[in-house]
1. Could you please find all residues in the stretch A:122-161 being buried (at least 24 other Cβ atoms within 10 Å of the Cβ), among the aliphatic types (A, V, I, L, M) and part of a loop (DSSP other than H, G, I, E, B)?
2. Just one of A:ALA442, A:ALA447, A:ALA500 is in contact (Cβ under 8 Å) with a residue 12 or more places away in the chain, of a type in the set (A, V, I, L, M, F, W, C) and within 14 Å of chain C (Cβ to nearest Cβ); which is it?
3. Against the definition (among the β-branched types (Val, Ile, Thr) and in a strand (DSSP E or B)), how does A:THR583 come out, yes or no?
4. Regarding A:ASP552, is this residue of a type outside the set (S, T, N, Q) and closer than 26 Å to A:GLN470 by Cα?
5. May I ask you to verify whether A:ILE117 is more than 23 Å from A:ASN217 (Cα to Cα) and facing chain C (nearest Cβ under 8 Å)?
6. (1) within 14 Å of chain C (Cβ to nearest Cβ); (2) under 20 Å from the mean Cα position of the chain (by Cα); (3) within 17 Å of A:PHE413 (Cα to Cα); (4) hydroxyl-bearing (Ser, Thr, Tyr): which one isn't true of A:THR57, the others all being true?
7. Can you run down the residue pairs with Cβ atoms below 8 Å, 6 or more apart or on separate chains, where the first is in the stretch A:196-223 and within 14 Å of chain C (Cβ to nearest Cβ) and without any contact (Cβ under 8 Å) to a residue 12 or more places away in the chain and the partner is in a strand (DSSP E or B) and surrounded by fewer than 24 Cβ atoms within 10 Å (Cβ to Cβ)?
Amino acid sequence: MNSSQIPKRTFDAVIVGGGGAGLRAALQLSQANLKVALISKVFPTRSHTVSAQGGITAALANVSDDNWHWHMYDTVKGSDYLGDQDAIEFMCRNAASAVYELEHMGLPFSRLENGKIYQRPFGGQSQNYGGEQAIRTCAAADRTGHALLHTLYQRNIAARTQFFDEFFALDLIRDDEGTVLGVVALEIETGEASLFEARATLLATGGACRIFRHSTNAHINTGDGLGMVLRAGLPLEDMEFWQFHPTGIPDVGSLISEGVRGEGGYLVNKDGEKFMQRYAPNALDLASRDVVARAIAQEIRAGRGCGEQGDYVHLKIEHLGADKIMARLPGIRELSMQFAGADPITDPIPVTPTAHYMMGGIPTNMHGQVVSPVRYGPEEPTPGLYAVGECACVSVHGANRLGGNSLLDLVVFGRAAGQHVLEYLRDNPFPRPLPQDQVDKARARLARWDKPKGTETVAGLRDEMQRIMQDHCSVYRNEALLKQGLAMLDKVQARLPDAALSDHSRMFNTARLEALELDNLMAISRATLVSALARTESRGAHTREDFPLRDDDRWLRHTLYFQGAGEHLDQLDYKPVRLKPLTVETFQPKERTY
Amino acid sequence: MRRVGGSHRGLDMWLMQRASAVYMALFLPFFLVCALAAGPLDYAAWHGLFASPAMKVATFLFVAAMLAHAWIGLREIFIDYLHCARCTLLRLALYFAFAVLYLGCLVWTVDILWNVR
Amino acid sequence: MRFRIYRYDPESGAAPRVQEYELDFDAKGKKVLDALIAIKDTLDETLSFRRSCREGVCGSDGVNVNGNNVLACVTPLEGLKQPIEIRPLPRLGVIRDLIVDMAQFYQHYRAVKPYLINLDPEPENERPQSPQQRAELDGLWECILCGCCTTSCPSFWWNPDKFLGPAALLQGYRFIADTRDQATDERLDFLEDPYRLFRCHGIMNCVEVCPKGLNPTAAIGKIKSLLVKRAL
């Protein structure tokens, strides 16, 4: 295979991923008149940001007394003290300006009587460092993600960003010195690979909850950026931390926003008991997500679940009345009627904890630069490589993300990374020679699926992997369960080389795409199991039955997982949590109750 | 792809279509009432109906509105269905042909109406 | 369950055809997309279609099922007449199987300048908007660009290159209706043309098929009345 055959396109910067983070970063660069390519495997408004419902958190103080210090405290506490406090301060400080900026761009926020942006209470929000419930999440009805994604896409149309829709990124091009020089991507419609050469590459490929059998995530959330990073020899951070959203529709997985409880909804078990008062006497249904998810799981385990199987609980909002439900939660009502067969105006919505968000990801600093331990310290930037959004681990969410902080993460760090790319490009004006072998390697990944015959199917292996992750790495974990899961995954992974496709066409071959995605999902599943097995404590969303307590002496640190080869397939390393904020005092770890 | 457009002819035609429809809708019941009031409709009564200049003008306007309405309606149909590469010329020819035909009808209407004495 | 699905393989050079599938599947509570995925996973890997959110918010999987444009992911299988006939959205070019070329649709969307235009200096905080003013946008901003409406519109079938279609016009009105937007005149100028807007004859197929329950015909009517108001 001759790599000179593959067409090359050259840009100042290439962004992989057309969700909120990718679009926000692209906007920053396009508005600076840079030549920027945005590669997305789906048309940008099909990205998973569109499914975000409840809102974006910023201490605007439009409804309750508020300021960013309190938001910062809540986020640090919510992260179970694993979040890096410098990045958290950066995000919370910039939250208000980021939200006003979105409003100026045209985002159709719901409004208060005085004309200001509507805000609703969300879980884990407090005034005065743990006091009264704060009302901090800015919303456009219950379709805030849709509004945000479309607004950002529209601004990019105005800025004339160059879009490469339905291009699938295969691998990073990284030279011997570690500098990233672009990506090889597959044009889905033609099936042709091409090289996107750029002095800066930004990954915004989103989450990967499709490793689980039941998840709130779109089919496209297969963690492609994470797979690329692992194959490029870079680590993933904190992969044991996956958020299980307390309220997903059973089996289907569709998300029922935390905004439902923010607007006054509450959970009940089969006896009609408002059980959250036993688990979080102060915050009740608006405790942090990990707390509520565990509470529901406990109720179900104790046989107090609803339905024939007793495998879900009820979320009730009838008391809000039809008018409020139609005005504030129209999308939820639609989802509930379509997927749970329940109209929340008259019936309770069945809900169960469902995999929702990846707190871990590609390690970055608060400028979006991908960092890893190389020679001099644990956080050396990788030249030319950036990551933002759910695929990145800044880490502002630590061990548990607060609702409303993910949309904020996208726009704050999307903008910051875009800004930093501008500086980086100014300081690095010249392209570097491309290592041909890297290009060939990426193409080999593609060619591997031309294999005519095999004994395994992609769908079959993916299904097995998802069952393993669901059964062995869900809300509650223990050593035996994880070990067994890892052994089972070993076997499934060993069968991956025997898989083959029956479709070898080139044009819009979605079977081949799913196969390429499976490579990424498998690697992420493995990183998750290995990281989870090693962390012998319970923190945030990572709950070990055999180690029920948080252990700050040993585990107040971030996991780094590297993908090796052969005997040393899994390599773990650790780095300290950045406890020192930028300008304020450290929030010292203390017991976390709601 | 470059495309020309924005001829600002969309609204005029649409408005004319509506306005002519409204006039026809008002005129027809009015005419019916007049005709009924004129008693048994023999030649003399029918003839007398168009004797007043006001009725002549009103009827003329009705026919003009009807022809304009019909012409715009045909134009809509041509625009909807005729769009092959060479259809622009055909369309223009059809517009012109029907415009001439309808103008002829209008002149004829004037001739008929104002010959009623 | 029995299905008849439109197939087109651009590489074979063969004409499009309809393929029948017999799927052993418990349809209870399941949607058309679940069946398509099951067919792809168990019967025929080559069957191609777009999908993403699988809950009716991303707009990827607009298809024509038994003659109606729908989102596969929110259309229940129960109650559909068998064999269930699934075709790509009408009038757009077919790339492969159920995947259509949306380029024309997106071009029309871009043509209405779907972004807020406001040349005032940016205020420190939000631009105020009363709940009543904001309510004007309801039923407009929720469009997911699935294309079900535009491809069900006969006026679009007749003039797909010149008539903007219900989806783009709905978005055009979304910005006209926004009290924060200052480009109403330019927007109206652009639409005052025999084709872009005025090909709409109020057939209302768009209203019937919209999976989000939106009403593009009403929005088009509002644009027309603004044009009239401006002219008189």
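The values are calculated or read from the model by the stated rules, or taken from the named source; none is laboratory data. This one's a predicted model, so the numbers in the text were calculated from it and none came from an experiment. Neighbour counts are summed over all protein chains in view; Cβ atoms, including those assigned to glycine, are modelled from backbone coordinates with ideal geometry.
1. If the condition is that a residue be buried (at least 24 other Cβ atoms within 10 Å of the Cβ), among the aliphatic types (A, V, I, L, M) and part of a loop (DSSP other than H, G, I, E, B), then A:ALA134, A:ALA139, A:ALA140, A:ALA141 are the ones that fit.
2. A:ALA500
3. In short, no.
4. Considered against the rule, which asks whether it is of a type outside the set (S, T, N, Q) and closer than 26 Å to A:GLN470 by Cα, A:ASP552 comes out as no.
5. Answer is yes for this residue.
6. Exception for A:THR57: condition (1).
7. Matching pairs, first to second residue: none at all.
Quick grid of which residues meet (1) at pLDDT below 95; (2) within 14 Å of chain B (Cβ to nearest Cβ); (3) crowded, with 19+ Cβ neighbours inside 10 Å; (4) within 20 Å of the chain's Cα centre (by Cα):
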{"site": "C:ASP178", "(1), (2), (3), (4)": "no, no, yes, no"}
{"site": "C:GLN182", "(1), (2), (3), (4)": "no, no, no, no"}
{"site": "C:GLU208", "(1), (2), (3), (4)": "no, no, no, yes"}
{"site": "C:LYS212", "(1), (2), (3), (4)": "no, no, yes, yes"}
{"site": "C:PRO216", "(1), (2), (3), (4)": "no, no, yes, yes"}
{"site": "C:LEU226", "(1), (2), (3), (4)": "no, yes, no, no"}
{"site": "C:ARG230", "(1), (2), (3), (4)": "yes, yes, no, no"}
